[in-house]
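Visitor: One structure, as structure tokens, below. Some questions next.
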4 protein chains.
Amino acid sequence: MGPPARRAPSGTASPARSCSSSDASLYTAWYKAPHGDPDGLREAVYGMPELHRKAIAGASLVASPGCYPMGAVIAIAPLLKSGWGSTAGIVIDGKSGVTGAGAQGRATDPMYLYTEANENVQAYGLASHRHTPEIEQELSALAGGPVVVSFTPHLVPLNRGLFTTASVPLTRTRTTGELVGLYREVYAGEPFVRVLDEGQRPATRAVVGSNFCDVTVVADRRAGRAVCVSALDNLGKGGSANGVQNLNIMMGWDERTGLEAPPVYP
Amino acid sequence: MGPPARRAPSGTASPARSCSSSDASLYTAWYKAPHGDPDGLREAVYGMPELHRKAIAGASLVASPGCYPMGAVIAIAPLLKSGWGSTAGIVIDGKSGVTGAGAQGRATDPMYLYTEANENVQAYGLASHRHTPEIEQELSALAGGPVVVSFTPHLVPLNRGLFTTASVPLTRTRTTGELVGLYREVYAGEPFVRVLDEGQRPATRAVVGSNFCDVTVVADRRAGRAVCVSALDNLGKGGSANGVQNLNIMMGWDERTGLEAPPVYP
Amino acid sequence: MGPPARRAPSGTASPARSCSSSDASLYTAWYKAPHGDPDGLREAVYGMPELHRKAIAGASLVASPGCYPMGAVIAIAPLLKSGWGSTAGIVIDGKSGVTGAGAQGRATDPMYLYTEANENVQAYGLASHRHTPEIEQELSALAGGPVVVSFTPHLVPLNRGLFTTASVPLTRTRTTGELVGLYREVYAGEPFVRVLDEGQRPATRAVVGSNFCDVTVVADRRAGRAVCVSALDNLGKGGSANGVQNLNIMMGWDERTGLEAPPVYP
Amino acid sequence: MGPPARRAPSGTASPARSCSSSDASLYTAWYKAPHGDPDGLREAVYGMPELHRKAIAGASLVASPGCYPMGAVIAIAPLLKSGWGSTAGIVIDGKSGVTGAGAQGRATDPMYLYTEANENVQAYGLASHRHTPEIEQELSALAGGPVVVSFTPHLVPLNRGLFTTASVPLTRTRTTGELVGLYREVYAGEPFVRVLDEGQRPATRAVVGSNFCDVTVVADRRAGRAVCVSALDNLGKGGSANGVQNLNIMMGWDERTGLEAPPVYP
């Protein structure tokens, strides 16, 4: 939830380089500090295999996504890629377990003490969380135009787990069946994205210790929106396990190498 | 989170009777069963003192709000009452502790077992939760016209606590300072609503065991929205303590009688 | 769980002054530092109303018991006072919630971070916890001779709550009924000690937010021992609420003043 | 924590058949029901590889140990095998996560609901838990004479994890170094028992998701006792993972087959 060691890519051409070259200034605006490696920023490929597999395979520098962007972009991507979702009015609500803060953050901010985080839910970074531009960068690239989101992160009492709930206006009425069909198509062949059946509920427990990201999408006809939810382990698909997946792709290895341990449940 | 023993009021005239007389059919549509007391439904006053104090004082039958509606309506009401918030595009994300399910629900659905609920976050009732029309009834009355919301409830690993995050489009640009000022004005004199200072974060822990509801509002200029968050104890302001507050009003007693125990923290 | 601000009393005469004047050296041996106020140490009365009510009433300086000693001594006292329990072979197992560490301890030792304490049980201070001599001081005074205990403290994932399980050899065979009868007699009239019925289980939840200490005792005929268990809120009867009880006694006020808020359950 | 599907073995000769043929009646005494398969009871080998590896290798029926006996016997065995520990005065305190109850138990007893188990510690089965004779059977076989223990199980708020704290009188004074040396010798070559260094604390988190059992032993010179603590995952070394280890031994496979997934931490 803090600043990633190395942030998202820039560039203009490839689908993996979705932001303008003003990225370094964007970084400064959100992180309140100049980027430490503007050259790397230009070169790096955004490490989300589901969107940028080819670019990752040819990259020498891959930027690890934040856990919130990973959960949000996987949940929303099919809607913007297909044009079924509107680029305006997207609201994203993220809930992160405490390991999302990173070891350093946990040691220095009292909000990560057991007695503060336990039996507690709180929002933070209201309208100002630094993962916001990273989410918008990827969604904008998918939509082919600027996307601005309303994003609110929360700290929930879990060790591991990141749950994302997104509400996306639909450009025309869709049934839940159509939406699930779209997601199945977009994520067909993805080894670590599981699009659940209608009626199944993603739950962070179901992915703890693994590289899976579970996704569900439901049509809210009354509101003219799709509700998209995803669950992942912020240290798994939202963290180091996804990094291993990127490494596998970069090296030309089987993408699942070292990532087949099942989730630990319960 | 299950069906309240007695649901929201109907009526057309008073501000406390905000729904049309079709309420009984609305009940049937969401609860999948006919209302057990349509006469009571017509007579009952909606038990949210912050909106209906006068009507409650003169009522012989008061309907206890659901915990989600309590959290959502307190968080959003000032925006719709003032016309600062738009009636379209409202997205509400609710996070409830496990006592929200009621004792009966907890005993019959495995999702409330410790091993299932612990270290887990999940969404449920996607685009179909029965508290939705209750929220819309109150917001519509405040706005003077129909409000449809996108509402998603979640189960989070807490015994007590209900956290609401609402994203409301603004009809014109406002600063956080203006929004906080509006909330302070609307809730001035309310003994149990605490509008926090800019930068303070509501947290469920801060209200556990009490009848308080803590609220924060922030302007998201980029998205043209207000982010409104509230925290309450679902067994307190979202449950029996609020019922005691209603009783005090009905009986003409000091509204705070029996409700002054401070929160238990941590 | 850390060092109390002011430690246990010394003295030789009154039942509340149960240790020899070598106490200051005993303090040094366990706390690895000289006592900061040896005069106060000689004068202070040990603040356990159930044992030292009279001395507290006349005291100008009262030492607040540690939470482990409070739980252990209440659980065991009747057996040693009556001579039913042996002074040798006593084993005490304490389980403390994380607030037991105090705010300062929690901020400086990583073991109190959420991610370390959550979903974790661990023992610490094996054969060396500084509350050991405080327990022995009180038990020795009750037994009229030296008592040495085997005490092991544990950190369990709770905000509040201290659970003590003691196994005490019996000097002759007793039934559970006899033991419960003894405890009822010893604690008759105590406003904050609740001796549970046979078959009832103490649980930390049942006392959270209150000054109660719940106690159960069972005969283990096969082992020739009594199993004595107690549950209290380490910030309640094991902390500040007990301090208020002492204050009430010192001031001659009703002992329950300010302490009648019921536990928060669940 | 409930009755195992099939309980401990009987027999007279082999070290793995440590109980007298009266076992079936012992079963009845503790489980309050006749054993369903007395022939199997006579034939079965007790499935603790650390004690009965050879007998398991030749067995056609292996009895899976309960999680409490697994934790207690691993913690204490070296002391009784070596004669360093006394057979009298042993006190065992077990703390189990909620999965210890088994899926069926969790669904039928309210004590396993989230709202009851969360933020709660309680003891149960005081002086009567059915795992007691299973512990005594193995310790008696090691000691070459009857061992009676005082055993108290607890339910602690964890999904997985079983922590055992045993206090064992020593037959003569030993240092912590000597004790650790003994444990290292007894468990040398064991792939899943890790004897920690002096000063290291076992913690359930360190073994979750694995077949490891971590052990520490400390001398309490004042009390003339050893404090022995062990931590395991009740679904791992205390459950199905240990069953896989037994299967591997029975089949002549590498004992670690399928058991090398590391713990999930944090």
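Visitor: Restricting the first residue to the range C:167-194 and requiring it to be more than 17 Å from C:LEU80 (Cβ to Cβ) and away from chain D (no Cβ under 13 Å), which pairs with a second residue that is part of a loop (DSSP other than H, G, I, E, B) and open to solvent by less than 70 Å² (accessible area, probe 1.4 Å) meet a Cβ separation below 7 Å and a spacing of at least six or different chains?
Guide: Listed pairs, sorted by first residue: C:PRO191/C:GLU255; C:PHE192/C:ASN211; C:PHE192/C:PHE212; C:PHE192/C:LYS237; C:ARG194/C:PHE212.
Visitor: So, B:GLY105, is that one more than 8 Å from every other protein chain (Cβ to nearest Cβ) and within 27 Å of A:LEU158 (Cβ to Cβ) or not?
Guide: yes
Visitor: Checking the structure you have, find out if any residue of the range B:143-155 is under 18 Å from the mean Cα position of the chain (by Cα), in a helix (DSSP H, G or I) and more than 7 Å from chain A (Cβ to nearest Cβ).
Guide: Yes: the range B:143-155 contains one or more residues that are under 18 Å from the mean Cα position of the chain (by Cα), in a helix (DSSP H, G or I) and more than 7 Å from chain A (Cβ to nearest Cβ).
Visitor: Which members of the range A:202-215 meet the condition of being assigned to a helix (DSSP H, G or I) and small (Gly, Ala, Ser)?
Guide: The answer is A:ALA206, and nothing else.
Visitor: Looking only at residues in the range A:45-66 that are open to solvent by less than 10 Å² (accessible area, probe 1.4 Å) and in contact (Cβ under 8 Å) with a residue 60 or more places away in the chain, which one is farthest from A:ALA166 (Cα to Cα)?
Guide: Top of the filtered list is A:ILE56.
Visitor: Something else: Starting from the range B:84-110, take each residue that is closer than 16 Å to D:MET111 by Cα and of a type in the set (S, T, N, Q) and list its partners that are assigned to a loop (DSSP other than H, G, I, E, B) and at pLDDT 85 or above, counting only C-beta distances under 8 angstrom and pairs at least six apart or across chains.
Guide: B:THR99/B:ASN159; B:THR99/B:ARG160; B:THR99/B:ASN234; B:THR99/B:LEU235; B:THR99/C:PRO266
Visitor: Got at least one residue in the range A:163-176 being touching a strand residue (DSSP E or B) at 6+ places or on another chain (Cβ under 8 Å), among the charged types (D, E, K, R) and not in a loop (DSSP other than H, G, I, E, B)?
Guide: no
Visitor: When you scan the range C:65-76, do you find a residue that is within 17 Å of the chain's Cα centre (by Cα) and assigned to a strand (DSSP E or B), even just one?
Guide: The answer is no, given that none of the residues of the range C:65-76 is within 17 Å of the chain's Cα centre (by Cα) and assigned to a strand (DSSP E or B).
Yes/no matrix, rows are residues, columns are (1) touching a helix residue (DSSP H, G or I) at 6+ places or on another chain (Cβ under 6 Å); (2) among the hydroxyl-bearing types (Ser, Thr, Tyr); (3) open to solvent by 20 Å² or more (accessible area, probe 1.4 Å); (4) in a helix (DSSP H, G or I):
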position	(1), (2), (3), (4)
B:GLY189	no, no, yes, no
B:GLN200	no, no, yes, no
B:VAL217	yes, no, no, no
B:ALA223	no, no, yes, no
B:VAL227	no, no, no, no
B:LEU247	no, no, yes, yes
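Visitor: Take B:ARG130 and decide whether it is charged (D, E, K, R) and open to solvent by 30 Å² or more (accessible area, probe 1.4 Å).
Guide: On the way: charged (D, E, K, R): yes; open to solvent by 30 Å² or more (accessible area, probe 1.4 Å): yes.
It is true that B:ARG130 is charged (D, E, K, R) and open to solvent by 30 Å² or more (accessible area, probe 1.4 Å).
Visitor: Out of curiosity, is D:LYS95 among the basic types (Lys, Arg) and either closer than 17 Å to C:ALA166 by Cα or touching a His at 6+ places or on another chain (Cβ under 9 Å) (or both)?
Guide: Spelling it out, D:LYS95 is indeed among the basic types (Lys, Arg) and either closer than 17 Å to C:ALA166 by Cα or touching a His at 6+ places or on another chain (Cβ under 9 Å) (or both).
Visitor: Suppose the filter is open to solvent by 30 Å² or more (accessible area, probe 1.4 Å) and modelled with pLDDT of 95 or more; does B:GLY238 pass it?
Guide: For B:GLY238, the condition - open to solvent by 30 Å² or more (accessible area, probe 1.4 Å) and modelled with pLDDT of 95 or more - is not met.
Visitor: Out of curiosity, is A:LEU182 among the hydrophobic types (A, V, I, L, M, F, W, C) and under 13 Å from A:VAL98 (Cβ atoms)? It would help to see each step written out before you state the result.
Guide: On the way: among the hydrophobic types (A, V, I, L, M, F, W, C): yes; under 13 Å from A:VAL98 (Cβ atoms): no.
Judged against the criteria, A:LEU182 is not a match.
Visitor: Hey, can you tell me all the residues within the range A:87-108 that are modelled with pLDDT of 95 or more and open to solvent by less than 30 Å² (accessible area, probe 1.4 Å)?
Guide: Matches in the range A:87-108: A:GLY89, A:ILE90, A:VAL91, A:ILE92, A:ASP93, A:GLY94, A:LYS95, A:SER96, A:GLY97, A:VAL98.
Visitor: Same structure again: Please tell me if D:LEU158 is surrounded by 24 or more Cβ atoms within 10 Å (Cβ to Cβ) and closer than 30 Å to B:LEU155 by Cβ.
Guide: Criteria met by D:LEU158.
Visitor: Further, regarding this structure: Within the range D:214-254, which residues are of a type in the set (A, V, I, L, M, F, W, C), within 14 Å of chain C (Cβ to nearest Cβ) and closer than 28 Å to D:ALA57 by Cα?
Guide: D:VAL215, D:ALA231, D:LEU232, D:LEU235
Visitor: Restricting the first residue to the range C:207-234 and requiring it to be hydroxyl-bearing (Ser, Thr, Tyr), which pairs with a second residue that is assigned to a strand (DSSP E or B) meet a Cβ separation below 7 Å and a spacing of at least six or different chains?
Guide: C:THR216/C:VAL229; C:SER230/C:THR164; C:SER230/C:CYS213; C:SER230/C:ASP214; C:SER230/C:VAL215
Visitor: Can I ask one more? With (1) within 8 Å of chain D (Cβ to nearest Cβ); (2) among the charged types (D, E, K, R); (3) within 14 Å of C:ILE74 (Cβ to Cβ) as the list, and C:ARG201 as the residue in question, which single condition is left unmet?
Guide: It fails just one condition, (3).
Visitor: In the range B:117-124, is there at least one residue being in contact with a strand residue (DSSP E or B) (Cβ under 8 Å, 6 or more places away or on another chain) and away from chain A (no Cβ under 13 Å)?
Guide: No: zero hits.
Visitor: Taking the residues in the range B:113-122 that are hydrophobic (A, V, I, L, M, F, W, C) and over 20 Å from A:ALA166 (Cα atoms) as candidates, determine which candidate is least open to solvent (accessible area, probe 1.4 Å). Give the derivation first.
Guide: Initially, the range B:113-122 is screened for residues hydrophobic (A, V, I, L, M, F, W, C), giving B:113, B:117, B:121.
Those still in the list that are over 20 Å from A:ALA166 (Cα atoms) too: B:113, B:117.
Numbers: B:LEU113: 19, B:ALA117: 4 Å².
Within the range B:113-122, the match that is least open to solvent (accessible area, probe 1.4 Å) is B:ALA117.
Visitor: In the range D:184-214, which residues are in contact with a Leu (Cβ under 7 Å, 6 or more places away or on another chain) and either closer than 18 Å to C:SER150 by Cα or of a type in the set (A, V, I, L, M) (or both)?
Guide: D:VAL207
Visitor: May I pose another question? Just one of (1) closer than 19 Å to B:ALA203 by Cα; (2) assigned to a helix (DSSP H, G or I) trips up A:LEU139, so point out which.
Guide: Of everything listed in (1) closer than 19 Å to B:ALA203 by Cα; (2) assigned to a helix (DSSP H, G or I), A:LEU139 misses just condition (1).
Visitor: Further question: Given the residues B:GLU185, B:GLU138, which is the only one that is of a type outside the set (Ser, Thr, Tyr) and open to solvent by less than 10 Å² (accessible area, probe 1.4 Å)?
Guide: So the residue among B:GLU185, B:GLU138 that is of a type outside the set (Ser, Thr, Tyr) and open to solvent by less than 10 Å² (accessible area, probe 1.4 Å) is B:GLU138.
Visitor: What's the number of the condition B:GLY125 fails, among (1) out of contact with any Leu (no Cβ under 8 Å at 6 or more places or on another chain); (2) open to solvent by less than 10 Å² (accessible area, probe 1.4 Å); (3) not in a strand (DSSP E or B)?
Guide: Looking at each condition in turn, B:GLY125 falls short on (2).
Visitor: How many of the residues making up the range B:16-64 are assigned to a loop (DSSP other than H, G, I, E, B), at pLDDT below 90 and in contact with a helix residue (DSSP H, G or I) (Cβ under 6 Å, 6 or more places away or on another chain)?
Guide: Of the residues in the range B:16-64, 3 are assigned to a loop (DSSP other than H, G, I, E, B), at pLDDT below 90 and in contact with a helix residue (DSSP H, G or I) (Cβ under 6 Å, 6 or more places away or on another chain).
The values are calculated or read from the model by the stated rules, or taken from the named source; none is laboratory data. What you see is a predicted model, and the numbers here were worked out from it, not measured in a lab. Note: ideal-geometry Cβ built from the backbone for every residue, glycine included; neighbour counts use all protein chains shown. The protein model used for the area step is the full one, side chains on, heavy atoms only, and it has no ligands, DNA or RNA in it. Shrake-Rupley method; radii C 1.70, N 1.55, O 1.52, S 1.80 Å.
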